[in-house]
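The values are calculated or read from the model by the stated rules, or taken from the named source; none is laboratory data. Just so it is clear, the structure is predicted and the values come from calculations on it, not from any experiment. In this analysis, Cβ positions are derived from the backbone assuming ideal geometry, glycine residues included, and neighbour counts consider all displayed protein chains. We work out accessible area using only protein heavy atoms, side chains counted, and drop any ligands, DNA or RNA first. Shrake-Rupley method; radii C 1.70, N 1.55, O 1.52, S 1.80 Å.
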Amino acid sequence: MARPANKALAKIADLLHGDLTMFGVSMPQKALRDKLRAEQVSIVARYTQGMMLANIFNACALLAALWSTPVRGEATLWAFFLITFATFLYLKRRANAGRPAPTVMPERVVVLATVNAAVIGLIWAALPFFFFASAPQGAQLVILSMCVGMLFCGALSLASIPLAATAFLTPLSFSTAFAIIEMNSAYRALLACLLIAYQYVVMRGVVTYAAQTARKTIAQFESDELAITDSLTGALNRKGLRNQLAEALARLDRYGDGFAVFCLDLDGFKVVNDHHGHAAGDDLLRQVADRVRSCMRDVDLLARIGGDEFAVIGVQASKPEQAIIVAERVLKAFTAPFAIEGRQLHVGISIGVALAPSDGTDIDGLLEKADAALYNAKRGGKGTYDFFTREHDDLVRERRVLEAQLRSAIRNREMHLEFQPIVSLATGALEGFEALARWNNPGRGAVSPSVFIPLAEEIGVIQELGEWVVKEAVRVASRWPEHLSVAINASSIQFRTPRLLAVLHDALSQHNMPAGRVEIEITESTLIAESESAISLLKTLRQWGVKIALDDFGTGYSSLRYILDLPLDKIKIDKSFVQTCLDRPVSGTLIRAVVCMARDLGLIITAEGIETAAHAEFLLRQGCDQAQGFHYHRPAPADEVDILIANEAKSRQEARAA
Ligand code: C2E
Ligand code: CA
Ligand code: CA
């Protein structure tokens, strides 16, 4: 006997807690339940003021109807109770009306709403119970209409919380039924049937409405959740991060809870993605997210805010020493390799940290500052963390200015090219020139291409700059004698689209220059980063007759076998090896090995950065073909190059004449 009773009590308790499982709604987990409850209560709250005014009006109307009867005193007492309670609820709701509706609601609010509904239901139930029998016929009609009216209005306004609706309807229904039974009328059986039918319809309506609103609300929450989640890793996305930062800032404002924002960036993700495919890249990102999560506390939040960029909100980690613990834990976790497609891959991570409130109290400011710290961590050597400081801020601001100036310099054609001679190592005769971009900024003076080229790549203007370099280099070179070639540096990003082909093709035909006089210099990173598209582009270029040179050889990480399989004509040994060839045995060995291999493959070897006669002599002995460096010529503007070419032609003629 105790069991069913316990079960029923448990069901009522569930209902009190806003559970609608018994009405066919599958209930979400706790966090969503709190939100659902808030939605249910806010729907009821919308009707509360109107309903309370209706109660007060009805109480007055009834008092008027019973005023001239013997129960006037009791009716006044009843009206007093109803008006007092309804006014209390009206004023309470009014006090809250201006405030934004809370997004989560504790369970006791539903309990309170149910109790209030029960109290009003009981007061109304007293009406037919105490006054119906003694009321004159007209007043009986008023009482009955009011009871039925209140049944409907109450059900309507409380429908989103079925338990509250039931708490209101039950006493009123019983007491109305009692009144009908008491009636001295031939129609009472009919009236009773009507009442039962109304009851049924009303309760069905309540349940259907409650279930439907709950389902709709849950679906809305779920789609909202989806909109702020990164589907790959299950972390928050950028929008989700901003929402959570807003909440963290609100907590900071209200309770003074500081927090830390970490920006994390993977080192070497692109290589995994390009070498092992996107599926491997995705797998890595998922594992990275899990590994970062394992270093955080449950309350901390993880977001993925870009391809391989993550952010963490470290709740209550507003002091540097607290943030250091988290950052070091993450760095340590990344010393272990990741298992990707059966292979063990090492991927590093760099971390930038900004603290709230000390570094800022706005979303964008904090993100920018953590990003500035990250930028500095990467600059200082990857696999580290750094905190935001004022100097970083200046650095970032300075970088922004430079970015803007670079954009406008490219747009306004403020750049020019210089050309550095490439000569035959054996004879010293001119064989061609390498085109090098130059930027003279009015305020800063000459900005080095090793600064502005990577910046142009990062801010997405390298295509535009690269296209201009191709056009300008071909235009200038077309004036030179036919035996001189022009070498053009191409950034790996220029190999993402076939645009380079079209631009070069147009420039060659416009200036009537054979493709065989053009060399394109690429680096290993081009081949690694854009391997598929790059190789097919390189093949087309070679079909046209364009020569492909591998620049800065020896500084990359690719395996020799991989590189030497590629469509290449030339290898340029990096200046770091050339300049140390006499002091560091390793450099000499590398040069010898490369020359030997290149011979076998029929590739030309150029040594760049030759600064002394001794270097030149060593490289000649090793069997290098071409030379480039300050020992011969520095890069020079186009008009100086014209003079140089003319002088060389003259001295050659003189030599021939002699
Ligand atoms: P790079 O392609 O390795 O170019 C050779 C660099 O070595 C040039 O520096 C050149 O001035 C310098 N150099 C030549 N001989 C010597 C020497 O004897 N000793 C020393 N210490 N240096 C020498 P620069 O002009 O500063 O260019 C730096 C880098 O910027 C270039 O390295 C290249 O990677 C990039 N770059 C320059 N122009 C362009 C361009 O139009 N497009 C692209 N994508 N990159 C460019
Ligand atoms: Ca080069
Ligand atoms: Ca080079």
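Pop a pseudo-label 7 angstrom from the Cα along the beta-carbon direction at both PHE81 and LEU156 and give the gap in nm to one decimal.
Reported label-point gap for PHE81 and LEU156 is 2.6 nm.
For the full complex of protein chains and a 1.4 angstrom probe, list TRP544, TRP124 by accessible area with the highest value first.
The ranking, largest first, comes out as TRP544, TRP124.
What share of the DSSP beta bridges in the stretch 401-657 is antiparallel, in percent to the nearest 5?
40 percent
Please give the FRET efficiency for ALA133 paired with CYS60, using the beta carbon to beta carbon distance and R0 = 30 Å, rounded to the nearest 0.05. List each step's numbers first, then the result.
On the way: r = 22 Å, r/R0 = 0.75.
After rounding, the FRET efficiency stands at 0.85.
Please report the accessible area of LEU560 (heavy atoms, 1.4 Å probe, ligands and nucleic acids excluded) in Å², nearest 10.
Answer for LEU560: close to 80 Å² accessible.
Among 155-164, 277-286, how do they line up from the highest to the lowest mean number of other beta-carbon atoms within 10 Å? Please report the intermediate quantities before stating the final value.
Numbers: 155-164: 24.3, 277-286: 16.3.
Taking the mean over residues of other Cβ atoms within 10 Å, the ranking is 155-164, 277-286.
With every atom except the alpha carbons ignored, what do you get for Rg and Dmax of the chain, in angstroms?
Just the Cα atoms of the chain yield Rg and Dmax of 40.8, 145 Å.
I need the calculated FRET efficiency for the pair ILE181 and LYS11, taking r as the beta carbon distance and R₀ as 35 Å, to the nearest 0.05.
That gives a FRET efficiency of 0.70.
Can you list the lysines whose alpha carbon sits under 27 Å from that of LYS570, skipping same-chain ones fewer than 8 residues off?
By straight Cα distance, LYS570 reaches LYS270, LYS471, LYS539, LYS547.
Taking 25 Å as R0, compute the FRET efficiency from the Cβ-Cβ separation of ARG407 and ILE535 and round it to 0.05.
The value I calculate is 0.20.
Could you order TYR632, TYR255 by accessible surface area, starting with the largest, using a probe radius of 1.4 Å?
Sorted descending by solvent-accessible area, the residues read TYR255, TYR632.
What whole-number distance in Å separates the alpha-carbon centres of the stretch 286-351 and the stretch 201-236?
With the stretch 286-351 and the stretch 201-236 each reduced to a Cα centre, they are spaced 32 Å.
Over the chain, what is the relative contact order in whole percent, taking alpha-carbon pairs under 8 Å and six or more residues apart? Don't skip to the end; give the middle numbers.
Details: 947 pairs, mean separation 50.4, N = 658.
Relative contact order comes out at 8 percent.
When only C-alpha pairs under 8 Å and at least 6 residues apart count, what is the relative contact order of the stretch 298-405, in percent?
Value for the stretch 298-405: 19 percent.
Among the DSSP beta bridges whose two residues both lie in the chain, what percent are antiparallel, rounded to the nearest 5?
Numbers: 40 of 66 bridges.
Beta bridges within the chain, antiparallel portion: roughly 60 percent.
Within the stretch 33-73, name every residue whose backbone N is under 16 Å away from a label modeled 7 Å from Cα of GLN220 along the Cβ vector.
Backbone N within reach: 33-47.
Once you sort the root eigenvalues of the Cα gyration tensor of the stretch 232-388 as a ≥ b ≥ c, which label holds: rounded (a/c under 1.5), prolate (a/b larger than b/c) or oblate (the other case)?
prolate
In whole percent, and with a 1.4 Å probe on the protein chains, what portion of the accessible area of the chain is carbon and sulfur?
Using a 1.4 Å probe with all protein chains present, the chain comes out at 58 percent carbon and sulfur.
How much of the DSSP beta bridge set in the stretch 232-388 is antiparallel, as a percent to the nearest 5? Don't skip to the end; give the middle numbers.
On the way: 23 of 27 bridges.
For the stretch 232-388, the DSSP antiparallel bridge percentage is about 85.
Given the rule -39500 (n - 2.57) for each run of at least 4 DSSP H residues, summed and divided by the residues of the chain, what is its mean residue ellipticity at 222 nm, to the nearest 500 deg cm²/dmol?
Per the formula, -20000 deg cm²/dmol.
Indicate the gyration tensor shape class of the stretch 401-657 (rounded, prolate or oblate), computed on the Cα atoms with a ≥ b ≥ c the square roots of the eigenvalues: a/c under 1.5 is rounded; otherwise a/b larger than b/c is prolate and the rest oblate.
Rounded.
Residues of the chain: accessible area per residue at 1.4 Å, in Å²?
Heavy-atom accessible area per residue stands at 50 Å².
May I ask you to list, by number, the DSSP H helices of the chain whose Cα span along the axis is at least 27 Å and whose average Kyte-Doolittle hydropathy reaches 0.0 or more? All intermediate terms of the calculation are to be shown ahead of the outcome.
Working: long enough: 30-66 (51 Å, 0.49); 72-97 (36 Å, 0.42); 107-131 (37 Å, 1.75); 137-158 (31 Å, 1.70); 162-182 (29 Å, 1.30); 188-227 (58 Å, 0.52); 390-411 (32 Å, -1.10); 638-657 (28 Å, -0.61).
The answer, listed by residue number, is 30-66, 72-97, 107-131, 137-158, 162-182, 188-227.
Which lysines does LYS35 reach when only Cα atoms under 17 Å apart count, and residues fewer than 8 places away in its own chain are ignored?
Hits, sequence-local ones excluded: LYS216.
Quick check: the distance between the Cα centres of the stretch 579-596 and the stretch 116-169, to the nearest angstrom?
About 100 Å separates the Cα centre of the stretch 579-596 from the one of the stretch 116-169.
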